[in-house]
Amino acid sequence: MDKFRIEKMTLASLDEVMEIEALAYGQHHWSRDSFVAEIDNKISNYNCAVSENGEIRGYMGLWKIIDEAHITNLAVHPSYRRKGVAKVLLLNALDECYADKIKYLTLEVRVSNASAINLYESFGFRSLGVRKKYYQNNNEDALIMWSENIFSENYKKRYEKLKESIGELILK
Ligand SMILES: CC(C)(COP(=O)(O)OP(=O)(O)OC[C@H]1O[C@@H](n2cnc3c(N)ncnc32)[C@H](O)[C@@H]1OP(=O)(O)O)[C@@H](O)C(=O)NCCC(=O)NCCS
């Protein structure tokens with residue numbers, strides 16, 4: 001089983017990040033300049049999941065706005081999918097939200113992106129709306145997904161279960 005540690009995204013991460021970004025999103029991927037701006041942005045927080053041999057397997061970005069965290073980007077290298085990389089990144093995002101007293105997480109996802117929708121649902125996110133024609137390249141709708149209040153007793157129970165099942169994937 002592969003294990004991963006979480007590291008802050010830095011300018012030195014960007015060669016590997018850009019390779020994954022292009023593989024994950026094709027021609028509609030973010031530019032290197034977008035990541036540079038995000039790393040500099042005070043409200044944003046970008047992390048990478050790094051393998052034991054030091055390779056970046058995936059990354060995730062958050063904007064923290066008052067008591068909400070907006071997931072801005074999440075991608076995993078196609079050769080290392082279905083190994084729990086995204087779960088490790090999302091669990092880390094929850095840990096950071098708990099530490100920063102952020103109550104809700106939210107994101108937009110393409111209605112056709114079943115893998116990502118399954119992932120977010122397994123973390124208890126629910127679809128609470130649709131942004132019509134949100135994606136300009138093909139006019140696809142976006143689902144707007146939200147967590148419940150992560151400080152609720154109900155969510156804390158879910159978080160403990162997630163931590164138990166995902167914990168073995170995290171490099172200590
Ligand atoms: C979505 C994505 C980030 C998932 O990354 P991953 O590391 O493979 O995901 P994990 O291995 O942590 O899987 C977590 C859960 O997601 C769901 N999932 C992931 N891939 C799936 C697939 N191909 N089919 C169905 N469910 C899937 C499952 O619920 C899975 O849990 P399980 O393996 O216990 O069944 C990855 O497929 C990706 O980078 N896609 C392209 C970019 C993208 O769409 N990003 C999301 C934008 S909102």
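Numbers at a glance
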{"read-out": "Subset tally (residues that are touching a residue at least 24 places away in the same chain (Cβ under 8 Å) and either open to solvent by 20 Å² or more (accessible area, probe 1.4 Å) or in contact with a strand residue (DSSP E or B) (Cβ under 7 Å, 6 or more places away or on another chain) (or both)) for the range 28-56", "value": "16"}
{"read-out": "ILE170, sole failed condition from (1) of a type outside the set (S, T, N, Q); (2) without any contact (Cβ under 8 Å) to a residue 40 or more places away in the chain; (3) surrounded by 13 or more Cβ atoms within 10 Å (Cβ to Cβ)", "value": "(2)"}
{"read-out": "Residue list for the range 91-106, restricted to those being closer than 30 Å to LYS132 by Cβ, open to solvent by less than 10 Å² (accessible area, probe 1.4 Å) and out of contact with any His (no Cβ under 6 Å at 6 or more places or on another chain)", "value": "ALA93, LEU94, CYS97, ILE102, LEU105"}
{"read-out": "Qualifying residues in the range 59-82 (those that are aliphatic (A, V, I, L, M) and in contact with a Ser or Thr (Cβ under 8 Å, 6 or more places away or on another chain)) - the one surrounded by the fewest Cβ atoms within 10 Å (Cβ to Cβ)", "value": "ILE71"}
{"read-out": "Complete set of residues in the range 72-98 that are aliphatic (A, V, I, L, M) and either near the ligand (Cβ under 7 Å from one of its atoms) or over 8 Å from the mean Cα position of the chain (by Cα) (or both)", "value": "LEU74, ALA75, VAL76, VAL85, ALA86, VAL88, LEU91, LEU94"}
{"read-out": "Total residues in the range 52-71, condition small (Gly, Ala, Ser) and within 12 Å of the ligand (Cβ to nearest atom)", "value": "2"}
{"read-out": "Among the candidates LYS133, LYS101, residue that is more than 9 Å from the ligand (Cβ to nearest atom), more than 13 Å from the chain's Cα centre (by Cα) and part of a strand (DSSP E or B)", "value": "LYS133"}
{"read-out": "Pick from the range 107-123, criterion closer than 11 Å to SER147 by Cα and surrounded by 17 or more Cβ atoms within 10 Å (Cβ to Cβ), ranking: nearest to the ligand (Cβ to nearest atom)", "value": "LEU107"}
{"read-out": "Sole residue being free of Cβ contacts under 8 Å to residues at least 60 places away in the same chain, of a type outside the set (Phe, Trp, Tyr) and touching a Ser or Thr at 6+ places or on another chain (Cβ under 7 Å), chosen from GLU164, GLU153, GLU140", "value": "GLU140"}
{"read-out": "Close pairs from the range 6-18: first open to solvent by 60 Å² or more (accessible area, probe 1.4 Å), partner among the charged types (D, E, K, R), Cβ under 6 Å, at least 6 apart", "value": "none"}
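The values are calculated or read from the model by the stated rules, or taken from the named source; none is laboratory data. Bear in mind that the values here come from a model prediction, so they are computed numbers and not experimental data. Don't worry about glycine lacking a Cβ; one is built from the backbone with ideal geometry, like all the others, and counts go over all protein chains shown. Ligands, DNA and RNA are excluded from the accessible area calculation, which covers all protein heavy atoms including side chains. Shrake-Rupley method; radii C 1.70, N 1.55, O 1.52, S 1.80 Å.
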